[in-house]
Each structure stands twice: as C-alpha cells, then as structure tokens.
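The values are calculated or read from the model by the stated rules, or taken from the named source; none is laboratory data. Predicted, not measured: the structure shown is a model, and the values here were computed from it. So basically every Cβ, Gly included, is an ideal-geometry build from the backbone, and we count neighbours across all protein chains shown. Protein only, heavy atoms only, side chains kept; ligands, DNA and RNA dropped before computing areas. Shrake-Rupley method; radii C 1.70, N 1.55, O 1.52, S 1.80 Å.
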Amino acid sequence: MQINLAKRLGKLPPYLFAELDRLKKEVQAKGVDVISLGIGDPDLPTPDYIVAALKQAAEKPVNHRYPDYEGLESFRAAAANWYQRRFGVSFDPKTEVCALIGSKEGIANFSTAVIDPGDIVLIPDPGYPVYFSGCTFSGGEAYFLPLRKQNGFLPDLGSIPLEVARRAKLLWVNYPNNPTGAVADLSFFKTAVEFCLRNDIILAHDLAYSEIAYDGYRAPSVFEVDRARECAVEFHSLSKTFSMTGWRVGFVVGNPTLVAGLGKVKTNTDSGVFQGIQEAAIAALEGGDDTLRQYCATYKQRRDVMVTALRDLGLACDAPKATFYIWAEVPKGYTSASFSERVLKEAGVVITPGSGFGNGGEGYVRLSITIGTERLKEAAARIKALKL
Ligand code: MLT
C-alpha cells in the first residue's frame with residue numbers, strides 16, 4: 001500500500017531543532033565530542049524547591065486522575081498573581097488565564113482557534129518556527145515581517161500594505177526575541193496594539209524569555225499598554241525562566257474570548273497538564289527569585305565570555321540585554337547553512353543557522369549559551385582553530 005501523508009506536512013520543513021538533533025547524533029556516532037550551542041535548553045537544573053514540590057504532589061492520588069482542562073484554579077491564580085507582582089497587571093484566573101503544555105503547544109494551537117483558510121498571519125522573519133507551523137496547519141497565509149538590524153530587529157508595522165493589513169487576522173510578536181536576542185520597549189507594544197485595534201487584528205505576544213535579562217533590563221508585558229486586553233493574548237512559559245523545559249508547562253493570559261477559543265481547541269485535543277507538575281509550577285511562580293537572579297548572573301557571565309570570543313574571531317554580534325541567545329553575523333564567504341555545517345563537521349560544535357528561522361535570518365547564526373563556561377570557551381577555541 002502507498003501511504004500518502006497530508007499535503008499540509010509537505011508545506012513545512014523538518015522541525016529545526018529536531019533536524020539539528022539528528023545532525024548532532026550523526027556526528028556523535030562518529031565518536032566526536034560534540035558541544036551543542038543549538039537548542040535553548042538550560043543546563044542549569046530546575047531549582048530544588050520546585051523538584052521537591054513535584055515529589056510531594058506526585059504522591060497524591062487526586063493528581064493521578066485527569067487534570068482540569070484549563071488548569072487547576074490554584075495554578076491559574078498563581079499565574080495571575082505572578083503577573084500582578086511582575087508587571088502590575090491583573091487577570092481574572094477563571095476567564096483570562098489557561099494552563100498550557102508548554103507555550104509551544106499553546107502557540108501552535110492558537111492558530112487553530114483563530115485562523116480560517118486564507119487568513120493572513122503576520123509573522124516575524126526570522127522568528128520562532130512554530131508561528132509558521134500553526135499558520136500552515138490552519139490553512140493561513142503567512143506574510144513575513146523582516147526583522148532588520150538597522151531597525152533594532154523590530155518589525156516595521158508601518159510598511160505593511162493596507163490590503164495585507166485588511167486581510168490579516170493575527171500578528172505574532174516576541175520580545176525579548178528569539179533568535180535575535182533583541183528587546184522592545186513599551187512604545188513598540190503601544191504601536192503594535194494601536195495597529196491591531198485599527199485593523200481588527202489579534203495580537204499574540206510570546207513572552208517566553210522575559211525573565212532571562214541582564215544589565216538591569218526589565219522586559220515589559222504587552223498588557224502594560226492601555227486597551228491591549230481588547231485584542232491581545234500573551235504566552236508565557238516556565239521552561240526558560242525556571243529551567244523547566246522538560247516539564248512542559250506554561251500559560252496564556254489575556255482577552256477572555258481568545259483564551260476561551262484556545263481552551264476549546266485544547267479540550268478537544270489534549271487533556272491538560274499533569275496536576276503534579278501544575279503544583280510544582282505554583283511553587284515556582286510563588287518563590288525562588290534568588291535562584292533566578294543567580295541563574296541570570298551565570299548566563300550574563302557566559303554571554304560576556306562568548307561575545308568577547310566571537311568578536312575576537314571577527315564575528316560581529318551585539319551583547320543581548322535578554323535571552324540566552326547570541327545572534328552573530330557569519331564570516332564573509334559563508335551562508336548561514338555553510339558556516340553552521342563547517343562548524344559542526346570540522347569543530348564538532350552545533351550552532352543554529354539563522355536561515356532556519358526564516359529567510360530573514362540568512363547571514364546569521366544563533367548560539368545558545370545554555371552550557372557551562374569551560375565548554376563555551378572550548379567551543380570558541382575549536383571554531384578559532386578553523387582559521388576562518
Ligand atoms: C529554541 O531553542 O529556540 C526553542 O526554545 C526550542 C523549541 O522550543 O523547540
């Protein structure tokens with residue numbers, strides 16, 4: 001029998017980080033000690049108090065049953081309280097917060113809730129690949145917004161043609177930004193909210209990296225802007241903030257109609273987050289700011305080591321104010337792909353080609369500093385030995 005997969009799968013490349021993983025394993029299988037600066041997966045462990053909370057929660061039989069679909073009320077209240085403390089904005093935990101199996105799940109499913117075939121989705125380029133996956137699975141039409149160095153890697157919303165804006169249903173933004181490490185201030189979010197309200201466009205903000213910040217930088221929430229609640233949702237993840245990538249837990253806050261729409265997709269496709277993990281996530285959201293400060297100090301030290309090393313190698317890059325990504329220009333004579341390939345094959349170092357995040361990422365590579373300083377230094381030394 002001939003098996004034909006759905007045509008929509010043909011519209012997507014293999015998932016960027018699954019592909020990098022495959023290439024890494026291929027090189028490892030040849031006996032190479034591979035250093036991965038690929039996926040943004042913190043090496044710093046989930047803090048002890050969170051692990052302890054999971055151990056306790058795992059013992060409770062009530063947590064072995066199906067979870068509440070939209071998340072435990074106590075989890076949603078903890079998320080709302082965290083927002084109040086962190087950004088000074090309040091949400092009704094019952095209608096304006098929903099638990100997610102990691103923000104990736106929510107981001108992918110959000111398109112199913114709001115996009116009909118033919119709707120335009122405004123997507124940053126380069127950008128986190130899942131914005132495009134969700135759009136494609138829902139039959140949407142992507143309109144890419146270039147993020148250029150000269151604009152501080154912010155999209156120029158004013159350059160979107162009127163007929164595109166009229167047909168657009170959803171705008172994705174993400175600051176602190178993956179992959180560029182760029183940040184946006186409140187005036188950018190104000191412009192984005194005004195643009196969306198003027199054009200009847202839903203604004204989705206991916207705030208996964210808000211807490212990984214340096215040099216006194218404090219990332220804002222889109223909800224610090226007046227009237228954002230009329231058009232926006234914001235996705236937050238515990239993955240990066242609390243080193244919990246493997247736990248799969250996050251949440252969405254914002255406009256109650258949009259939150260309910262995503263909730264409807266989810267009740268029909270998944271059965272929520274394991275309640276033991278939600279209880280541990282409550283412990284995370286309610287405490288531990290000291291550990292987080294310490295983790296950011298560690299990332300900052302690594303950032304400084306890596307930025308210095310890259311500049312010594314002649315690779316231009318900014319020191320990011322937030323995120324654990326360094327967005328560096330490739331040397332002359334290389335594309336993103338050819339440079340990443342050479343670095344992997346000849347130096348045994350995984351870096352992510354900028355073009356994997358969209359055509360707008362061509363000419364760049366992304367390095368994730370989610371490994372220890374000594375290994376970072378070794379990675380830099382191996383790249384240096386290539387004599388670029
Ligand atoms: C990244 O490294 O950009 C992502 O966080 C990985 C992912 O979510 O798949």
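Worth pointing out:
- Leading residue by the ranking (most open to solvent (accessible area, probe 1.4 Å)) among those in region 314-330 that are in contact with a Leu (Cβ under 9 Å, 6 or more places away or on another chain) and assigned to a strand (DSSP E or B): Glu329
- Condition check for Phe144: open to solvent by 40 Å² or more (accessible area, probe 1.4 Å), more than 15 Å from the ligand (Cβ to nearest atom) and in contact with a Gly (Cβ under 8 Å, 6 or more places away or on another chain): yes
- Check on Arg86, touching a Cys at 6+ places or on another chain (Cβ under 8 Å) and either assigned to a helix (DSSP H, G or I) or within 16 Å of the ligand (Cβ to nearest atom) (or both): no
- Considering (1) under 21 Å from Lys321 (Cβ atoms); (2) touching a Leu at 6+ places or on another chain (Cβ under 6 Å), the lone condition that Gly354 does not fulfil carries the number (2).
- Number of the condition not met by Tyr364 [criteria: (1) at pLDDT below 95; (2) closer than 15 Å to Gly314 by Cα]: (1)
- Residues of region 192-207 satisfying the condition of being open to solvent by 10 Å² or more (accessible area, probe 1.4 Å) and either of a type in the set (A, V, I, L, M) or touching a residue at least 60 places away in the same chain (Cβ under 8 Å) (or both): Leu197, Ile202
- Of the residues making up region 157-191, those that are open to solvent by 40 Å² or more (accessible area, probe 1.4 Å) and within 24 Å of His236 (Cα to Cα) are Lys169, Asp185, Leu186, Ser187, Lys190, Thr191.
- Boolean, Ile351 is of a type in the set (A, V, I, L, M, F, W, C), touching a residue at least 60 places away in the same chain (Cβ under 8 Å), open to solvent by less than 10 Å² (accessible area, probe 1.4 Å) and closer than 27 Å to Pro220 by Cα: no
- Restricted to region 219-271, and to residues there that are among the charged types (D, E, K, R) and within 16 Å of the ligand (Cβ to nearest atom), the residue that is most open to solvent (accessible area, probe 1.4 Å) is Arg248.
- Near pairs, Cβ below 9 angstrom, 6+ apart or cross-chain, from region 26-42 (free of Cβ contacts under 8 Å to residues at least 40 places away in the same chain) to any residue that is in a loop (DSSP other than H, G, I, E, B) and more than 10 Å from the ligand (Cβ to nearest atom): Gln28/Val34; Gln28/Gly348
- So Arg311, is it assigned to a helix (DSSP H, G or I), touching a residue at least 24 places away in the same chain (Cβ under 8 Å) and open to solvent by 10 Å² or more (accessible area, probe 1.4 Å): no
- Candidate set from region 92-132 (those that are within 16 Å of the ligand (Cβ to nearest atom) and of a type in the set (D, E, K, R)); member that is most open to solvent (accessible area, probe 1.4 Å): Lys104
- Count - residues of region 331-364 that are within 13 Å of the ligand (Cβ to nearest atom) and not in a helix (DSSP H, G or I): 5
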